[in-house]
Ligand SMILES: Nc1ncnc2c1ncn2[C@@H]1O[C@H](COP(=O)(O)OP(=O)(O)O)[C@@H](O)[C@H]1O
Ligand SMILES: [Mg+2]
C-alpha cells in the first residue's frame, strides 16, 4: 500500500482544517438539496434520510452488537401508527408525539429483546422475523379499538399540518412550490442530525464499547464485567426506539400510514441498505438509505420498458437486484460502500493520534523533500474527491432523465466544490508566501483558486436568479 | 505463617457428558503467591479457569475468593471482586483498537451510562479522559504503545497475548489467571515475560495463577505447584519437591 | 356462542395434518441448523420452487404426479447441494452473518424469479390426495371417512402416511448410509468428525440436499390447502415452521416434526376452534400468525433449547 499523501497530527491546525472542509461539504450538500432538487426529488431524499435512520437502528444491533434483527419494519410501523393516531385523533403536535414514540419503541424493544437475548445464538433472528410477519396483520384487528386507531386495512391519512410557521420561512426552499416537502426535509435533517450525534456519542464511549466487545467476543466481554443480557437488551431497545423514530418521520413525510407498508420486505430493505452502506459503520447507514431508495426507484422505472412482470408498478426486479446485491456484496465487498470510500481516503490522508502528553505517536514528517510539493496536489484532490462522491449519489437520486441528470450533476458538483477549492488553494498560496511551501505548490494552488472563484460566481448568480428574480 | 487462603478451590468436579474434565479438585492459594498449575494437554487446566470465571458451571464443588463464594455469582460479577484472566486462545475484541480493548478492561470500575455518554456530560468526559490515560499507562508498562491505535486484528500472537495482559492489569486485579501466556513466544521473550510477571506481581500486589507448558518458566517463578492429570490433582506443593514426584514424571513422560 | 365440542375432532384432525406439513418444513430448517447452527431463511422459497417444479412437470408436461414429486425432490436436492457448494462453503461457519445474508439474498432472488416466470397468481396443482380409491367406504364425494362421528379427510391421512414414509426413509438414510452417519457425526461435533476423516463440506452439502427435498415435499403437500401454488405461498408457512422448530428444539430432528405438529394443533384447537368462539371468524389468519409469534416468545422465555433440544456449552 502506498503511503498516504498527507500525514497530520490529530487536533493539529491542519487536521482541524481538513475536518472543517468536510463539514463544509456536508453543510453545502444539505443546504443546497432543497434548493436544487424538484419537490418530488426532495420527497425521495426525505424517504432516503428516513431509511437512513432506520438502517442505523438495525446497524446498532446487527453491525455493532452482532445479533441478527429482521423485524425493524414492525418498530417503524409502531412509531408510524402511534404518530398517526396521536396527531390525527388527538390533535397532538409531532414534537409532542416524539417522546411518546421513543418510549413506546423502547418498551417494545425490551419486550421482544429480553427473552431472545438471554440466550446465545440466532434466537433474535427467529423472534424478529415472526414479529415482522405478524405486525401488518395486527393493525387490522377490530377489537380494543385497534382498527379505529390504525385505520385498519384502509390505512390512515394524517393532515399535513406541517407547513412551515412564518418564523421559519427563511429556511432554504421553504416557500413557493416546494415549501411543504422542503420544510419536512428540514425537520427530517434535524432529527437525523441529532440521532447521528447521540448515537455516535453512545458508540464511542463505555456502553458502546461494551456493545462492540459483545460482538467481537462474548466470553471476553463477560469476564471483563459486561452483563451480556442487560447490555444486549438495552442496545436492542435503543435500536427499537430509533426504529420507531424512523416510523414517526415516515408518517410525517408521507402523511399516510398503512399496515402493508411495514412488512417483512421493508425489514429486508433495511438489511440491504445496511450491507450496501457498510455493516458496523455509522456513515454506512447514511449511504445505505440513499442507495436503497434509489435502487427501488430505478427498478420501478425500468421494469415496464423491459417488459418485466409488475404488480402495481412494483415488480419483482427490485427484489432480484437486491438479492444479487446482498450476495455480491457479501462475497466481494463485505465492508460495503463505506469501506471502499475509506480505502480511497486512507490513500489521501492519515491522522496520527496523540499520546497523553500531546505528542504524535509516530513521526509526522519523514517525507522526502519532494514530498512537500505533493501536498498542494493532495489538497486539490481532497477538494475534488468527496464532492464527486456526493455528486454521484445526487445524480443517482435524480436519474429520471439521464441527460438532465448529467447536466445537473455537473452544475451541482461545481456548486459544491467551488468554495472549498478556493479555500484550500488560498491557504496553500498563503503558506507559500510565508516561505514554508515550495514553488511547486503554486500551480495546483492557483488552479484550486481559479476553480473556486468560477464556482463561487456561479453560486452567486444561481442564488440571485433563484431568490431575487424568483425564477 | 497464619495466612488465610485468598483463593480456595474445593471439591470441583466438571463433567461434559461422559468426559470428567475435573475430578474432585481442591487446592488453595495465598495472597501474593504465584501458583503454577501444570498438567498435560486436556488435563483440565482451562476448564478450571472457566469454572472460576463462571463461564462453566461445575457439576459439584465450590470456589471461594477472599471469603466470597464465586460459584454463586455470574460471569460478569467476578471482576467486581478483582478476579481477572487471560485466555489460552485469546478473547480480544478485534474490531476495536488496542487501546480501546484495554479501556474495556476497566469496564467494571467505570460508570458512564447510556445517558451520560449520549449527552457527553462532563462527568463522563472526565472519566473517559482518565480511562484513556490509564489505558495508555498500562500499554506503556508492557511496551505496547506503538500499536495503541492499531486495530487489534492482525497483530502477532505474542503481541496479542501481551495486550490481554495489559487489559487485565488496568483494572487493578487482585487475582490474575494467566492461561499459557508464553505460547507462541521465542525463548528470549519467554524469559523476559517471566521477569515481567514477577515485576508486575510486586508492583501491583497481584496474586497469579499461572498455567504454562514452558517448564523452565513455571519452575522459575512459581512458589507453589499444582499438577493435574486427567482432571485429577496428582501433586501439590513446593516446586522443587513436586518436580521430582514419580507420578508427575510418569504423567509427563506418558503423555508426550 | 357455546363451545361446540361436536366439531372439535374435525379441528384436531385438521391441526394434525397442517402440523405435519409444518413439521416437514421445520425438518428442512433443522437439518441445516443442526449441522451448521444456521437458519436458512431461503428454506421456504426453495420449497416453493420445488412445488413449481412439480407444477411444471405434472400440470404442464403431464408427468405422473408422484413421479413429478420425486423428480422435483431430486432436483431441489441438487439445487441445495449447488447452493451449499458455491454460496455458503466459502464462509467461516462460525461467522453467521454472511451466510444468513446469503440465504436472505436467495430468498429475494428465488421469489423474484418465480414471480417473473409465473406471476403472483395462484395456480392450481393437483391434490395428491384428492379422492379415496374406490374400495374405501367413504362419504362426501370420496373425500372423507367417518371417525369418532367426525369427518376425517382423505387428504389428512395421505399427509400423515407420506410424512411417515418420508421420515422412515430419512431414518434409513441417516442410520444406514455412510453419508448419513457422516452427517450425524458432523452435527454432533464438527471438530471430532473432521479428525476422524469426515469430509465436512460434502457432508453439509448432503444436509442441504435432504433439507431441500423435505422442503419441496412440504410445499407440495401444503399447496392444496392454499388453493394451489404461487410465489408467496411459503411466506407464512415458513413462520409456522420456524415456530415449530423453536418449539421442538432447533437441533432436534424429531423435535422439529413434533414441534410442527404441535404448532398445527395449537392453531387449530386454540386459535381456530377456541378463537372463533371468542373473536369470530374474521381473525383466524391474524391470530394464527400471532400464535406462532407468541409460541416463539414463550419458548424463549421458558425453554430456549426447545422441548427436545440440547443445551450446548460453549468452548472458550
Ligand atoms: N465445552 C466443553 N465441552 C466438552 N468437553 C470439554 C469442554 N471443555 C473442555 N472439555 C474437555 O475437558 C477436558 C479438559 O480440557 P481443558 O480444560 O481445555 O484442558 P487443558 O486446558 O488442561 O489442556 C478435555 O478432554 C476437553 O476435551
Ligand atoms: Mg488449556
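The values are calculated or read from the model by the stated rules, or taken from the named source; none is laboratory data. Because the structure is predicted, anything quoted here is derived from the model rather than measured. Heads up, the Cβs are rebuilt from the backbone with ideal geometry, glycines too, and the neighbour counts pull from every protein chain shown.
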Report, by residue number, each residue of the stretch B:14-39 that is closer than 12 Å to residue B:232 by Cβ, surrounded by fewer than 22 Cβ atoms within 10 Å (Cβ to Cβ) and within 12 Å of ligand 1 (Cβ to nearest atom). B:20, B:23
Which numbered condition residue B:24 misses (of (1) modelled with pLDDT under 95; (2) outside any strand (DSSP E or B)): (2)
Report, by residue number, each residue of the stretch B:53-77 that is away from ligand 2 (no atom under 16 Å from the Cβ), touching a strand residue (DSSP E or B) at 6+ places or on another chain (Cβ under 7 Å) and in a loop (DSSP other than H, G, I, E, B). B:58, B:59
Give just the number: which of (1) under 27 Å from residue A:228 (Cα atoms); (2) in contact (Cβ under 8 Å) with a residue 40 or more places away in the chain does residue B:75 not satisfy? (2)
Among the residues in the stretch A:95-118, are any assigned to a loop (DSSP other than H, G, I, E, B), facing another protein chain (nearest Cβ under 10 Å) and farther than 21 Å from residue A:63 by Cβ? yes
Just a yes or no: is a residue in the stretch B:163-183 in a loop (DSSP other than H, G, I, E, B), more than 17 Å from the chain's Cα centre (by Cα) and surrounded by fewer than 16 Cβ atoms within 10 Å (Cβ to Cβ)? no
Is it true that some residue in the stretch B:36-52 is within 16 Å of ligand 2 (Cβ to nearest atom), under 16 Å from residue B:66 (Cα atoms) and within 14 Å of chain A (Cβ to nearest Cβ)? yes
Flag for residue B:109 being within 16 Å of ligand 2 (Cβ to nearest atom) and more than 16 Å from the chain's Cα centre (by Cα): no
Subset of the stretch B:184-195 (residues that are assigned to a helix (DSSP H, G or I) and buried (at least 17 other Cβ atoms within 10 Å of the Cβ)): B:190, B:193, B:194
Single match in A:53, A:62 (criterion: out of contact with any strand residue (DSSP E or B) (no Cβ under 7 Å at 6 or more places or on another chain), within 14 Å of chain C (Cβ to nearest Cβ) and closer than 24 Å to residue A:114 by Cα): A:62
What pairs come up if the first residue lies in the stretch B:39-65 and is touching a residue at least 40 places away in the same chain (Cβ under 8 Å) and within 19 Å of residue B:85 (Cα to Cα), the second is within 8 Å of ligand 2 (Cβ to nearest atom) and assigned to a loop (DSSP other than H, G, I, E, B), and their beta carbons are under 7 Å apart, counting only those six or more places apart or on different chains? B:46/B:88
Would you kindly identify the helices (runs of 4 or more DSSP H) lying entirely within the stretch A:252-360 that contain at least 3 residues that are away from every other protein chain (no Cβ under 14 Å) and either surrounded by 15 or more Cβ atoms within 10 Å (Cβ to Cβ) or modelled with pLDDT under 85 (or both)? A:282-303, A:336-348
Lone unmet requirement of (1) over 24 Å from residue C:77 (Cβ atoms); (2) without any contact (Cβ under 8 Å) to a residue 12 or more places away in the chain; (3) in a helix (DSSP H, G or I) for residue C:161: (1)
Index of the failed condition, residue A:69 passing every other in (1) surrounded by fewer than 24 Cβ atoms within 10 Å (Cβ to Cβ); (2) not in a helix (DSSP H, G or I): (1)
Go over the candidates B:154, B:158 one by one and state the one that is at pLDDT below 90, within 14 Å of another protein chain (Cβ to nearest Cβ) and more than 16 Å from ligand 2 (Cβ to nearest atom). B:154
Which residue is nearest to ligand 2 (Cβ to nearest atom), if the candidates are limited to the stretch B:78-99 and must be part of a helix (DSSP H, G or I) and without any contact (Cβ under 8 Å) to a residue 40 or more places away in the chain? B:78
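Each row is one residue, and each column tells you yes or no for (1) surrounded by 19 or more Cβ atoms within 10 Å (Cβ to Cβ); (2) at the interface with chain A (Cβ under 8 Å from one of its Cβ atoms); (3) in contact with a helix residue (DSSP H, G or I) (Cβ under 8 Å, 6 or more places away or on another chain).
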{"position": "B:88", "(1), (2), (3)": "no, no, yes"}
{"position": "B:92", "(1), (2), (3)": "yes, yes, yes"}
{"position": "B:99", "(1), (2), (3)": "yes, no, yes"}
{"position": "B:112", "(1), (2), (3)": "yes, yes, yes"}
{"position": "B:122", "(1), (2), (3)": "no, no, no"}
{"position": "B:129", "(1), (2), (3)": "no, no, no"}
{"position": "B:133", "(1), (2), (3)": "no, yes, no"}
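Residue-by-condition table, conditions (1) within 14 Å of another protein chain (Cβ to nearest Cβ); (2) at positive phi; (3) at pLDDT 80 or above:
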| residue | (1), (2), (3) |
| --- | --- |
| A:145 | no, yes, no |
| A:159 | no, no, no |
| A:164 | no, no, no |
| A:170 | no, no, no |
| A:182 | no, no, yes |
| A:189 | no, no, yes |
| A:194 | yes, no, yes |
| A:226 | yes, no, yes |
Restricting the stretch B:54-86 to residues that are within 13 Å of ligand 1 (Cβ to nearest atom) and at the interface with chain A (Cβ under 7 Å from one of its Cβ atoms), the residue that is nearest to residue B:170 (Cα to Cα): B:85
For the stretch B:202-229, name all the residues that are touching a helix residue (DSSP H, G or I) at 6+ places or on another chain (Cβ under 8 Å), assigned to a loop (DSSP other than H, G, I, E, B) and within 16 Å of ligand 1 (Cβ to nearest atom). B:212, B:214
